[in-house]
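Below: one structure, written as structure tokens.
The values are calculated or read from the model by the stated rules, or taken from the named source; none is laboratory data. Values in this document were obtained by computation on a predicted structure and should not be read as measured data. Quick reminder, even Gly has a Cβ in these numbers, built from the backbone with ideal geometry, and neighbours come from all protein chains shown.
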Amino acid sequence: MNQFWHQQSLSGAIGIKGHYRNQQQILGSGFKENIHGTLISGGLLLNSKSSMIRPGMIDLDLEIEYNPEKMNEQFLTIPDRSEVRTLKRLNFRTTFFQEKKLTFNAFVNLNQNFINRENFTNSRTNRKFFGGGLFYKNKVLPSSITYQEGTWDQNEIETGRTYSYWQRNIKARVSRSFFSADKNFLSYSYDDYIRKESFDTIPRRNKVNYIELNSNIPLDQAKDYNLNAIVSNFNQKGWNNLNRFQVFTNLNMKLPHNFRLLVNYNFFDSQYLFYRLDQYRAKLDLSHQLFKSLTTNIFVEYNSNKHTIYQEYDNRVGFSINYTKKIPKGRLNISYSFIYRDFKRNSEPVPLKVEDEEHVLSDEKITLLDKPFVEIGTVVVKDITGTIIYVKNLDYLLSEQNNYIEIKRIPGGMIPNSATVLVDYTTLLPGSYKFTLNNQAFTVSVLLFKRFIELYYRRAKQNYNNVEQSEPVALNFFLQNVYGVKFDIGLARFGVEYDDYKSSIIPYRLIRSFINLQWRYKNKFLFSAMGNIRYYITIGFRVDELYADISGRMAYSFTPRIKLNVEVAYRQQNGYQIDLDYLTARTELTIIVRKIYITVGAEVYRRNYLNRETINFNGAYVSIVRKFKSF
């Protein structure tokens with residue numbers, strides 16, 4: 001038995017946990033409801049690493065987690081305030097011939113859990129995936145092929161919104177080096193997926209074939225001249241038909257006398273259902289480093305977009321200067337950049353379908369769709385893969401700002417903060433027009449007394465000249481002045497900033513302040529806190545907006561086996577369709593007796609969103625866990 005089976009490690013835990021929750025819900029209509037619930041759950045966690053015959057021949061990795069629960073009916077209607085609570089989990093992976101040239105692996109992942117998004121939305125999620133791969137390791141043509149298939153089902157408890165997703169994926173890859181330092185990869189993938197949401201009448205299915213060739217080639221022995229080229233083709237058929245051919249090339253040259261030249265060329269050929277778009281981009285970028293203090297850069301860029309119904313030409317030239325210098329008691333930093341842009345579009349005033357326009361939705365900034373005169377009812381927002389279609393007024397908000405559309409994510413929706421999304425919409429394309437643009441940016445900062453204080457100023461200006469248009473065009477004239485000061489005293493970093501943004505689209509004045517505190521006393525006490533307040537004083541018809549976030553954590557060790565943790569977070573938002581006030585706090589005491597972990601905790605949650613609903617939540621829990629490790 002010992003010659004056939006080799007147990008390398010075995011660890012895990014077994015425990016029991018009890019919850020009590022009480023929640024009061026008050027609606028804007030005056031309706032009140034008080035509910036409370038109890039739950040008792042057991043828990044088993046097992047992690048195993050083993051091998052058969054001998055290590056490296058057949059390796060087995062197993063993770064099992066099972067938490068059976070018994071609860072009263074009202075407990076189901078009270079949201080879970082934990083970020084993730086796992087009910088069942090099985091992860092199994094086996095690898096054959098790990099040390100050989102030909103390796104095979106297979107896996108199964110099963111997961112059922114509750115997920116709490118940003119203390120707003122609770123969902124129950126089931127994931128089931130399985131697959132495997134074959135890998136051939138050699139010096140001539142290393143290659144691999146993998147297969148994965150699975151489902152993902154999600155149900156939002158409060159809203160009742162459901163989402164289901166099935167996917168099958170096949171990937172193949174080979175690599176080859178023809179010389180001593182070059183690297184070349186050829187990969188192919190096939191995706192077949194079906195998605196369905198609560199609002200879909202029929203499932204949406206797409207089949208995607210993607211092929212890519214990636215080459216990195218040093219052109220000299222010292223690797224001062226390097227060429228990188230990527231050629232790919234993306235073909236999608238089904239619910240959305242799309243074929244996109246792409247070429248990326250970059251030539252990086254390290255020249256004598258601290259010069260560096262970058263040459264870039266990109267080409268996109270995108271064919272949609274009703275139109276075609278060819279995009280060409282070429283850029284020449286020359287930079288120079290003088291000692292460590294002065295960096296200069298100059299560039300020339302050519303852009304051309306040839307669409308079925310319009311043509312665009314966008315040529316740019318610019319330069320930048322960055323200077324840094326030690327001064328008595330500190331350092332001085334100065335930078336300046338200038339961009340001249342010559343833009344021309346030839347078209348008729350007709351509707352234009354825009355697809356897969358990328359945006360990053362962050363609570364820290366205002367985001368506008370790229371083009372003006374958008375028909376707001378045609379906006380569709382998707383995740384970066386194009387798989388998930390988000391829902392307006394649940395995941396994001398749209399509002400008209402002059403001739404543009406502003407998009408905001410909703411906290412607790414399916415869009416995480418600072419996530420990249422793809423947006424489709426229809427806009428009324430203006431007729432032919434052209435202009436020249438001057439964009440200037442200047443920054444100066446002074447750091448004194450070993451970064452104890454930093455004073456900075458930023459100025460940016462954008463003007464349009466030689467404007468010729470056949471239809472109204474929305475152009476963003478702006479002048480921005482930013483003044484700020486930061487302090488760093490070791491235990492704390494704090495500062496304040498004033499931003500005066502005069503714009504022809506969304507003018508505003510922003511006052512921002514922040515503080516970060518962190519203090520540790522030996523290994524007994526840890527305290528950290530951070531706060532950020534942003535107040536937008538808007539000009540025109542927009543409502544002023546306030547964003548305030550404060551969070552803190554304290555950890556204290558009475559002894560190495562008795563520890564206390566306290567976490568608090570508060571957020572306040574005021575403005576058009578964003579009014580929010582919420583507080584969450586958790587206190588937890590853990591006592592370790594031999595290998596038994598006893599935890600007692602309490603949690604509080606308060607939320608008022610848009611004055612439509614107020615939630616007051618209180619909870620307490622006790623858990624006893626026995627951990628073990630046999631190897």
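A few points about this structure:
- Looking across ILE35, ILE40, ILE14, one residue alone is farther than 30 Å from ASN608 by Cα and in contact (Cβ under 8 Å) with a residue 12 or more places away in the chain. It is ILE14.
- Per the listing SER175, SER164, SER180, the residue uniquely surrounded by 14 or more Cβ atoms within 10 Å (Cβ to Cβ), more than 21 Å from ASN113 (Cβ to Cβ) and either at pLDDT below 90 or not aromatic (Phe, Trp, Tyr) (or both) is SER175.
- Residue pairs meeting the criteria (Cβ under 8 Å; at least 6 apart or on separate chains; first surrounded by 14 or more Cβ atoms within 10 Å (Cβ to Cβ), in segment 315-334; second acidic (Asp, Glu)): ASN315/GLU301; ASN315/ASP342; ARG316/GLU301; ARG316/ASP342; VAL317/GLU301
- In summary, VAL423 fulfils each of the numbered conditions (1) more than 24 Å from ALA474 (Cα to Cα); (2) surrounded by 16 or more Cβ atoms within 10 Å (Cβ to Cβ) with the single exception of condition (1).
- Subset of segment 582-631 that is out of contact with any Lys or Arg (no Cβ under 7 Å at 6 or more places or on another chain) and of a type in the set (Asp, Glu) - its residue that is modelled with the lowest pLDDT: GLU613
- Residue in segment 425-432 that is closer than 30 Å to ASN169 by Cβ and either outside any strand (DSSP E or B) or touching a Leu at 6+ places or on another chain (Cβ under 7 Å) (or both) present: yes
- Hey, LYS139 farther than 30 Å from ARG606 by Cα, charged (D, E, K, R) and modelled with pLDDT under 90 or not: yes
- Test for ARG195: is it surrounded by 14 or more Cβ atoms within 10 Å (Cβ to Cβ), basic (Lys, Arg) and more than 26 Å from the chain's Cα centre (by Cα): no
- Inclusion of SER180 among residues that are over 17 Å from ILE389 (Cα atoms), among the hydroxyl-bearing types (Ser, Thr, Tyr), assigned to a strand (DSSP E or B) and over 28 Å from the mean Cα position of the chain (by Cα) is not warranted.
- Residue within segment 316-337 that is of a type in the set (S, T, N, Q), assigned by TED's automatic domain parsing to the domain that holds LYS461 and not in a strand (DSSP E or B) present: no
Every residue, every condition in (1) among the polar types (S, T, N, Q); (2) surrounded by 14 or more Cβ atoms within 10 Å (Cβ to Cβ); (3) outside the structural domain of ASN333 (by TED's automatic domain parsing); (4) farther than 29 Å from ALA548 by Cβ, yes or no:
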residue: ILE453; (1), (2), (3), (4): no, yes, no, no
residue: GLN480; (1), (2), (3), (4): yes, yes, no, no
residue: ILE489; (1), (2), (3), (4): no, no, no, no
residue: PHE494; (1), (2), (3), (4): no, yes, no, no
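- Of everything listed in (1) over 30 Å from TYR390 (Cβ atoms); (2) of a type outside the set (Ser, Thr, Tyr); (3) assigned to a strand (DSSP E or B), the single unmet condition for LYS450 is (3).
- Here is the figure for segment 19-60: residues that are under 27 Å from ASN618 (Cα atoms) and more than 35 Å from the chain's Cα centre (by Cα) total 11.
- Only a single item in (1) at pLDDT 90 or above; (2) in a loop (DSSP other than H, G, I, E, B); (3) aromatic (Phe, Trp, Tyr) is not met by TYR576, and it is number (1).
- Pair list, Cβ < 7 Å and 6+ apart or interchain, from segment 93-104 residues that are exposed (fewer than 13 other Cβ atoms within 10 Å of the Cβ) to residues that are not polar (S, T, N, Q): GLU99/GLY56; LYS101/TYR136; LYS101/LYS137; LEU102/TYR136
- Residue match in segment 292-305 (condition: touching a Leu at 6+ places or on another chain (Cβ under 7 Å), under 30 Å from ASN209 (Cα atoms) and surrounded by 14 or more Cβ atoms within 10 Å (Cβ to Cβ)): yes
- In this structure, ASN611 qualifies as out of contact with any strand residue (DSSP E or B) (no Cβ under 9 Å at 6 or more places or on another chain) and either within 25 Å of ARG21 (Cβ to Cβ) or outside the structural domain of PRO411 (by TED's automatic domain parsing) (or both).
- Which listed residue is of a type outside the set (D, E, K, R), without any contact (Cβ under 8 Å) to a residue 40 or more places away in the chain and under 30 Å from LYS344 (Cβ atoms), from GLN480, GLN518: GLN480
- Selection within segment 94-131: residues that are polar (S, T, N, Q) and not in a strand (DSSP E or B). The member of this set that is farthest from the chain's Cα centre (by Cα) is GLN98.
- Within segment 149-194, considering residues that are touching a residue at least 40 places away in the same chain (Cβ under 8 Å) and of a type in the set (Val, Ile, Thr), the one nearest to GLN23 (Cα to Cα): ILE157
- Test: GLU603 is touching a residue at least 24 places away in the same chain (Cβ under 8 Å), surrounded by 15 or more Cβ atoms within 10 Å (Cβ to Cβ) and more than 30 Å from LYS627 (Cβ to Cβ): no
- Here segment 405-445 is the region considered, the condition is being in contact with a helix residue (DSSP H, G or I) (Cβ under 7 Å, 6 or more places away or on another chain) and in contact (Cβ under 8 Å) with a residue 40 or more places away in the chain, and the residue that is farthest from ASN155 (Cα to Cα) is THR426.
- Top-ranked residue of segment 447-497 - restricted to ones that are under 30 Å from GLU400 (Cβ atoms) and acidic (Asp, Glu), ranked as modelled with the lowest pLDDT: GLU471
- Criterion applied to GLU613, GLU545 was being surrounded by fewer than 16 Cβ atoms within 10 Å (Cβ to Cβ) and within 30 Å of GLN401 (Cα to Cα), and the one residue passing it is GLU613.
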